[in-house]
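S.K.: Okay, here's the structure, questions in a sec.
Read-outs: derived from the displayed coordinates by stated rules, not from any lab. Just so you know, these numbers come straight off a predicted model, no measurement behind them. FYI the Cβ positions are ideal-geometry reconstructions off the backbone, even for glycines, and counts take in every protein chain you see.
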Amino acid sequence: MSILERRLIREPSFGLTGKLFQVSWGFVLLLCALAAVGYAALYSAGGGAEPYASRHALRFAFGLMLMLCIALADIRFIARLSWPAYVVGVALLVLVAHMGHVGKGAQRWIELGGMQWQPSEFMKLALVMALAAWFHQASWERVGNPLFLIPPVIVVLVPVGMILKEPNLGTAVITAVVGASVFLGAGLRWWKIAIVLAALGAAAPLAYAHLHDYQRARITTFLNPESDPLGTGYNIIQSKIALGSGGMWGKGFMQGTQNHLNFLPEKQTDFVFTIIAEEFGLVGSLAVLALLCLITLAAMAMALRCRHQYGRLVALGVSVNFFMYVFVNVAMVMGAIPVGGVPLPLVSHGGSATIMVMVGFGVLMSAYVHRDAEFGDAERDV
Amino acid sequence: MRRDRERKGVFTRRALLIAGAELTAFGALAAKLYQVQVAEGAKYRTLAESNRISVRLIAPPRGRLLDRFGVPVAANNQNWRALLIAEQAESVGATLDAFARLVPLADHERARIERDVRRHRRFIPVTVREFLTWEEMARIEVNAPDLPGIVVDVGTTRRYPFGPALAHVVGYVAPPSEADMGEDPMLSLPGIRVGRAGMEKYHEPRLRGRAGAVQLEVNAVGRVIRELDRQEGTPGTDVRLTIDATLQQQVLGHLGEESASAVVLDARNGAVLAMATNPSFDPSLFNSGVSQAQWLQWTSNRRAPLINKAAAGLYAPGSTFKIVVAMAGLEARAISPGDRINCPGYLDLGDTRFHCWKRGGHGLLDLRNGIKNSCDVFFYEVARRTGIDRIAAMANRFGLGVPLEIELAGARSGFIPTREWRIAQGKAWNIGDTIVAGIGQGFLQVTPLSLAVMAARIATGRAVQPHLTLAVGGVEEPDNSADAWPSMGLSAHAMNIVREGMWAVVNEQNGTAPIAKLPLPDVQMAGKTGSSQVRRVSREQREHGFKSETLPWEFRPHALFVAFAPTDRPRYACAVVVEHGNAGAAAAAPVARDIMVDVLTRDPANRRQPPPDRVAQGSPA
């Protein structure tokens, strides 16, 4: 490769129009499609555009603008923000532990701008960025060095521990998995990961002893939901009835009895998927699942196109985070894993989740737009 | 570059691996979806069918509040309301147009109705208008054929037959707040109200009752097919108050247009027979929400209609406090009944001169005549000898400056200063403060209710507590018998001297309130006047022949009067405070006299039924 050629490839004209041209509009289209699914489901849940659907559309529009703005920001600039973002994330977790709102038995919310924010959602993105920044400046050989791995492990454990303490078991597990995926992408040896997983498995009974009552109740009812049909098992049973009665073709838009007779608990937030499944049947739910799968894989594909380790790892982390949201939520409404307060991104109503997911996609898109950017300090052997 | 290629190679392999795992997971989710939705679909469809039995709560009637004779003071009215069922109307707009021709609808009402129709499913009734009058209802019923979709049904609403007259005692109800909703699912029913003030609030748990439930069979879209089962709720319990509603109206009548309050107690047991505050407000306005303009009008009124002046208004007791000072002096043996004190019209203490209200002075006086003439110098001297702490302790024994057991949440306990309190403030207690306290001025604050309690306690010698509940659900409260109250343990001789002084105030020619003498045969009343300064009188004003009548209204002194009757066998105690009414003798004593005449002729405490001739007047139109 001649020097001239390299310049052309690695330093494309990063003008605003050029950048806009580089944005993966196909991916944006997929996100819009998903948000449209959310609008339809929330329209049905609210019996009209009010009260959920119109606000959902507004929130998505705002998130989309935010995402595009971030996508146009230089990924190297974003990379420099990695560690400050991490520090802010931890500080927010400390803040929420001391003065956050206590809701549904846990202290995990901060009220800001008329919305309730979960710092743990911001923390997941900040953690991915921090880990990506750490591994970006390391050669592949160094990743094998156990001493080099101690700081990033601590970087993962601090927020995971704090989220566990909130207590928010679901998000803590997702955070840990997302962190682990970045380690994996950075090239950590399989057997080391195996050891960590084994250690976690051994710690599980210990963790159960420290779980809060409501979390234990969830695990018990998950194992046998009919044991308490009007208590904690109620959500799972009603949710399964909604899914199951949808059948192959569904009951038709706005015709779901479970939905409209209000048997479904929190149908517009965590259980929004059941509305789709009940009203559009297996056909509808599989179509939405396929859309979610497509978004996950498209994000992964964008990660593969990056020419710098930071971008690759950040994109990987964001993609895995989205996947974990989807998997935990859908598995939860089917009663396949214990219920936890995890929304379906871009479909569920409310909260900061939609916005934070879009911010994450913004960082992913920036990595993709600037996929050929040259980091001055790349692969320095420190 | 080689290294990055190496890293990229590893990353690509790992990313593909993760993607593969994710794909597998999606596959598993899809398989599980197939299992739940199609393979086991039939089972869940049956379960969804059985979900069609819906349970709805029905609100029980709220318990009534009755006066001591069983006359309702808070009852339930039927509330006729027009509802609109959208699916039965060919066009919602046309139906509303037709409705508006019969019963005018404001634009904002119409906007609210149309919004509700959009929000709810079409078979769910939406309220068009509440509180229909009989004529409006008749017009709607007659024109029913032109009003497709409109149905008239009946709910309940709270009615206060005595309106403003009992507003401060009975209180009012209002729709539950967001915060109330959690505690009882019944509170989320439309039209439900909870007690927000007064006895409505205090007896809320007894008045509310328990909701009933009706099991309905609903079809797939939730329309009611038939009623399967019905469990009636428990209606709220009726609560009987100690108040005599007719007497209350009479008392309010005697207060006239003044900003004033009066309390009448059964002196033997503390039962509150009347507790009147003027001006007042209409409690039914809270039922459907108070308008901003109304609220502003109440809160900006300097006569404070929302405040229960009888239980929460704070005033210096003025000369009525001399009863306490006299008892404190006698109990402490700082003065004996025969001691005489000379009043030259002032008392000099250091370089400060404390004036008596009578410019020339009273000359030599004993305790009985000190009370009768309300001589300030006499009580300056008694207070000086007794000391503030013993006076304050005696005031507390008479119910002043201590919390009373009245059921009203807004009741205040007033304040009696002590040396300790002043020192805690970082200031020294001056002897001058004691002198001023001797005539009930300075730091002292009491409520009309506590003054009535003081009068009842000096009259009977029992430590009665004021209360408003006579019976709950027909079971009488124990504190309505005289035996429930312990003796105050004060010397009977001392109390008799003070009572005699109070008798002389009213019944001797040169007492301070001969105007209050009862125009009844065989019955006499004892009392004590008071006026509490709102503003200090300067020396300059005094020398220029000061007249409080010339002051602007809000700076005039308050007029007070406490009384009990009959003097030989005390049964009723009464306190009257007329805000800015100048002298107690002129403004408050005649009111107390008229009240006591009504009380004695009605004699409510000894009756179970209201006097027959008065019922017609007492019951509302």
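S.K.: Roughly how tilted is helix B:589-602, in degrees to the nearest 10 and between 0 and 90, from the longest Cα axis of chain B?
M.R.: On a 0 to 90 degree scale, this one is about 70.
S.K.: Let me confirm one metric for peptide A:244-253, namely the mean number of other chain beta-carbon atoms within 10 Å of its residues' beta-carbons.
M.R.: The mean count of partner-chain Cβ atoms within 10 Å per residue comes to 5.
S.K.: While we're looking at this one, here's another question. How would you rank A:E279, B:E109, B:E90, going from fewest to most other Cβ atoms within 10 Å of each one's own Cβ?
M.R.: Lowest to highest Cβ neighbour count: B:E90, B:E109, A:E279.
S.K.: Based on the alpha carbon coordinates of the stretch B:78-155, what radius of gyration and maximum Cα-Cα distance (Dmax) apply, in Å?
M.R.: 11.3, 31
S.K.: Pairing the Cα long axis of helix B:2-34 with the longest principal axis of chain B, what angle in degrees results, from 0 to 90 and rounded to the nearest 10?
M.R.: Taking Cα atoms only, the helix is inclined about 90 degrees.
S.K.: Now for a different question. Work out from phi, with θ = phi - 60° and the Karplus expression 6.51 cos²θ - 1.76 cosθ + 1.60, the ³J(HN,Hα) of each residue of the stretch B:138-149, listed in order in whole Hz, and give x for Gly and Pro.
M.R.: So the J values, rounded to whole Hz, are 4, 4, 5, 5, 4, 8, 3, x, 7, 10, x, x.
S.K.: Another question, then. Rounded, prolate or oblate: pick one for the stretch A:149-190, where a ≥ b ≥ c are the square roots of the eigenvalues of its C-alpha gyration tensor, a/c under 1.5 means rounded, and failing that, prolate if a/b is larger than b/c, else oblate.
M.R.: Taking the square roots of the gyration eigenvalues as a ≥ b ≥ c, the stretch A:149-190 is oblate.
S.K.: Taking the beta-carbon count within 10 Å as an exposure proxy, list A:M65, A:M334, A:M129 from fewest neighbours to most.
M.R.: A:M65, A:M334, A:M129
S.K.: Is there a simple number for the mean count of other chain Cβ atoms within 10 Å of the Cβ of residues in B:38-45, and what is it?
M.R.: Going residue by residue through B:38-45 and averaging, the value is 5.
S.K.: Continuing with this model, one more query. What ranking do B:25-37, B:372-384 get when scored by the average of other Cβ atoms within 10 Å per residue, highest first?
M.R.: So the peptides B:25-37, B:372-384, ranked by packing, come out B:372-384, B:25-37.
S.K.: Can you give the Rg/Rh ratio of the protein assembly as shown, where Rg is from the C-alpha atoms and Rh is the Kirkwood radius?
M.R.: 1.14
S.K.: A further question follows. Quick one: helix B:92-102 against the long Cα principal axis of chain B, what's the angle to the nearest 10°, folded into 0 to 90?
M.R.: 30 degrees
S.K.: Next question. What are the ³J(HN,Hα) couplings of the stretch A:319-324, residue after residue, when phi is run through the Karplus curve with 6.51, -1.76, 1.60 and θ = phi - 60°? Round to Hz, x for glycine and proline.
M.R.: For the stretch A:319-324, the Karplus curve yields 5, 5, 4, 4, 4, 5 Hz.
S.K.: Further question: Let me have the 222 nm mean residue ellipticity of chain B computed from DSSP H runs of 4+ only, each contributing -39500 (n - 2.57), with the sum over all residues rounded to the nearest 500.
M.R.: Per the formula, -10500 deg cm²/dmol.
S.K.: Then there's this: Take A:E278, B:E331, B:E6 and order them by how many other Cβ atoms sit within 10 Å, fewest up front.
M.R.: Sorted ascending by nearby Cβ count, the order is B:E6, B:E331, A:E278.
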